[in-house]
Amino acid sequence: MRFDPKLIQQLQTARRITALTGAGISKESGIPTFREAQTGLWENYEATELATPQAFQRNPKLVWEWYQWRRSLVTQAEPNPAHMALVLMEQRVPTFRLITQNVDGLHQRAGSRNIIELHGNILRTKCFEHNHLVDHWQEDGQIPPRCPVCGGQLRPDVVWFGENLPSSAIQRAAAAAQQTDIFLSIGTSGLVNPAASLPYMAIEAGALLVEVNPDHPPLTIYADYQLTSPAGEILPELVTQIWPSKGANS
Ligand code: BV8
């Protein structure tokens, strides 16, 4: 796979690179993307309909079990070469910031250290009533399980549609978008706000925009470079060409 030598040169000399990842980067770890049709028990449900406080209040057991299913997919999955390539980038680029929309924790498991999680993490659980994190609870057959502090229902520590993102996360992400030389948009359809506004902030601030996506979401027409293959193929090859002596597996 050959890349435009000018792109390689720009990536080699960039002092600041910001990456925004979406569900597409975890596709090659076997985790279905958010817009893909769901399977099995969940094939009749739209993810966007289940990932809301209203859905949880309407049917807490259904929503809790949906997240249990997704947690099982995530715990069985492994980070893929795309995740690993971003770990290497974090080690080599003077200022590298990783913003993820994903809730699967695969960037952490790959070894990325400085991660801005916009939408929370499915492996963390919190109290629906008071939002405090809970890591142990009584498995007494109640679904959802109850908060050991207040007896309220437990929920995943993710940001549902209609809920605000953690203010620190979105502020850090906006700063990372506005203060970067190159912005990598990787595996995202760019349909969910406010995350979807980040690449446009970067362009506004004069960054070079590189998109990694086999498809052509709305952002594509604004990209300086469109790399239209799966991230698991593109990113390892890209880092090998940026740092040839070291390669993606050293
Ligand atoms: C907010 C956690 C302020 C949960 C997620 C009306 C009422 C209320 C809100 C709104 C409204 N209208 C609009 C909004 C705003 C709303 C929104 O944007 N809605 C959309 C659907 C229109 N946003 C919000 O509600 C946000 N909060 O705005 O607060 C507010 C408050 C009250 C009222 C108004 C506003 C909260 C958004 C966060 C939602 N939570 N996740 C969970 O996971 O269960 S978002 C969820 O969807 C994911 O985390 C992810 O972020 C997103 C999916 O997007 P992608 O990651 O892009 O994935 P997708 O499947 O779409 O695309 C995958 C891409 O990968 C594709 O392009 C594909 O081509 C590509 N691909 C495939 N294979 C590969 C690949 N790429 C590379 N390599 C491959 N191999």
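State, as an integer percentage, the relative contact order of the chain based on alpha-carbon contacts under 8 Å between residues 6 or more apart.
Computed over the chain, the figure is 24 percent.
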Helix 81-92 sits at what angle to the longest principal axis of the chain, using alpha carbons and giving 0 to 90 degrees rounded to 10?
60 degrees
Please list, in order along segment 94-101, the HN-Hα scalar couplings obtained from phi with the Karplus expression 6.51 cos²θ - 1.76 cosθ + 1.60 (θ = phi - 60°), rounded to whole Hz, x for Gly and Pro.
x, 10, 10, 10, 10, 10, 10, 8
Build a GNM of the chain with springs between Cα atoms under 10 Å: which of Leu118, Leu20, Leu50 gets the top mean-square fluctuation?
Leu50
When the Karplus curve 6.51 cos²θ - 1.76 cosθ + 1.60 is applied with θ = phi - 60°, which whole-Hz ³J(HN,Hα) does each residue of segment 46-53 get, with x for Gly and Pro?
7, 3, 5, 7, 8, 8, 9, x
Counting only protein heavy atoms, what percent of the accessible surface of the chain is carbon or sulfur at a 1.4 Å probe?
49 percent
Where no second cysteine Cβ lies under 4.7 Å, the cysteines concerned in the chain:
Cys150
Arg97 long-range amide H proximity, modeled H, under 5 Å:
Ile17, Thr18, Ala19
Using modelled backbone amide H atoms (1.01 Å from N, in-plane), which distant-in-sequence or interchain residues come within less than 5 Å of Cys147's amide H?
Gly152, Gln153, Leu154
Amide H within-cut-off set for Asp157, under 5 Å, with H built and near neighbours excluded:
Asn121, Arg124, Thr125, Lys126
Which order, highest average first, do 124-132, 41-49 follow once you tally other Cβ atoms within 10 Å for each residue and take the mean per peptide?
124-132, 41-49
Toward the positive end of the charge dipole of segment 94-250, about the Cα centre and with charges on Cβ (Lys, Arg +1; Asp, Glu -1), which of Ala174, Gly206, Gly190 goes farthest?
Ala174
Once the piece of chain linking Tyr222 and Asn114 is laid out straight, how much longer is it, given 0.36 nm per residue of separation minus the C-alpha distance between them?
36.2 nm
By how many nm would the segment from Lys6 to Glu65 grow when fully extended, if each residue of separation counts as 0.36 nm and the alpha-carbon distance is taken off?
16.4 nm
Label point 7 Å out from Arg58 along Cα-to-Cβ: which residues of segment 163-200 have amide N under 20 Å?
163-164
Starting from the Kirkwood radius over alpha-carbon pairs of the chain, derive D by Stokes-Einstein at 10 °C in a medium of 1.306 mPa s and give it in µm² s⁻¹.
84 µm²/s
Per the 1/(1 + (r/R0)^6) rule, R0 = 35 Å and r from the Cβ atoms of Glu163 and Glu78, FRET efficiency to 0.05 is 0.75
About the Cα centre, and with charges only on the beta carbon of Lys, Arg (+1) and Asp, Glu (-1), how big is the dipole of the chain? Nearest 20 debye, please.
580 debye
Whole-Hz Karplus couplings 3J(HN,Hα) for segment 59-72, θ = phi - 60° and coefficients 6.51, -1.76, 1.60, Gly and Pro as x, run 8, x, 5, 4, 5, 4, 5, 4, 5, 4, 4, 5, 4, 5
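The values are calculated or read from the model by the stated rules, or taken from the named source; none is laboratory data. If you're wondering where the values come from, they're calculated on a predicted model, not measured in any experiment. Cβ sites come from the backbone with ideal geometry, for glycine too, and all protein chains shown count toward neighbours. Quick note on the areas: whole protein, heavy atoms, side chains included, nothing else; ligands and nucleic acids left out. Shrake-Rupley method; radii C 1.70, N 1.55, O 1.52, S 1.80 Å.
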